[in-house]
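K.L.:
I'd like to ask you about the structure that follows.
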Amino acid sequence: MGRIDLGKDGEKLAVDYLLSRGYKILEKNFRTPIGEIDIIAKHGEYIVIVEVKRRMSENFGNPEIAVNYRKQEKLKKLALFYLSKLGKEYPVRFDVIAIKDKQIEHIENAFY
């Protein structure tokens, strides 16, 4: 499986996981001029920005390690872009879904 297929498969696993836990999926692969958000969901009152990382082996470390400070800052900017389009204020949460093989770890409030 190639890197892109691996990522798309991981995002599908993440969407299924979130739906099974009562999340409403608002957007998948939300593209902006400055980047992309993997999944935007609503859970309770929160808009949840979800970054999905998948690894098939531990050669490059755990998947969540890839959501470094630089990636976090970019996701914050992307979230502001998305929220500005809604015309209403919502509390926001940043989650990471890390998938190793088919094992899912959901890290709520991964950063802020």
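K.L.:
I'd like the full set of residues that are loosely packed, with under 15 Cβ neighbours inside 10 Å and of a type in the set (G, A, S), limited to segment 60-105.
P.N.:
G61, S84, G87
K.L.:
Could I ask something else about it? Is it the case that segment 28-38 has a residue that's touching a strand residue (DSSP E or B) at 6+ places or on another chain (Cβ under 7 Å), at pLDDT below 95 and either surrounded by fewer than 18 Cβ atoms within 10 Å (Cβ to Cβ) or over 15 Å from L13 (Cβ atoms) (or both)?
P.N.:
No: zero hits.
K.L.:
Another question, then. Would you check if G10 is closer than 18 Å to E105 by Cα and modelled with pLDDT under 95?
P.N.:
On the way: closer than 18 Å to E105 by Cα: yes; modelled with pLDDT under 95: yes.
The answer is yes for G10.
K.L.:
Which ones in segment 78-108 are assigned to a helix (DSSP H, G or I) and among the basic types (K, R)?
P.N.:
Within segment 78-108, just K85 meets the criteria.
K.L.:
Keeping to segment 39-58, report how many residues are at pLDDT 95 or above, over 17 Å from K71 (Cα atoms) and not aliphatic (A, V, I, L, M).
P.N.:
5
K.L.:
Determine which single condition L75 fails, assuming it passes every other condition in (1) within 10 Å of the chain's Cα centre (by Cα); (2) part of a strand (DSSP E or B).
P.N.:
Of the numbered conditions (1) within 10 Å of the chain's Cα centre (by Cα); (2) part of a strand (DSSP E or B), the odd one out for L75 is (2).
The values are calculated or read from the model by the stated rules, or taken from the named source; none is laboratory data. Just so it is clear, the model here is predicted, and its values are computed rather than measured. Positions of Cβ are backbone-derived with ideal geometry, glycine not excepted, and every protein chain shown enters the neighbour counts.
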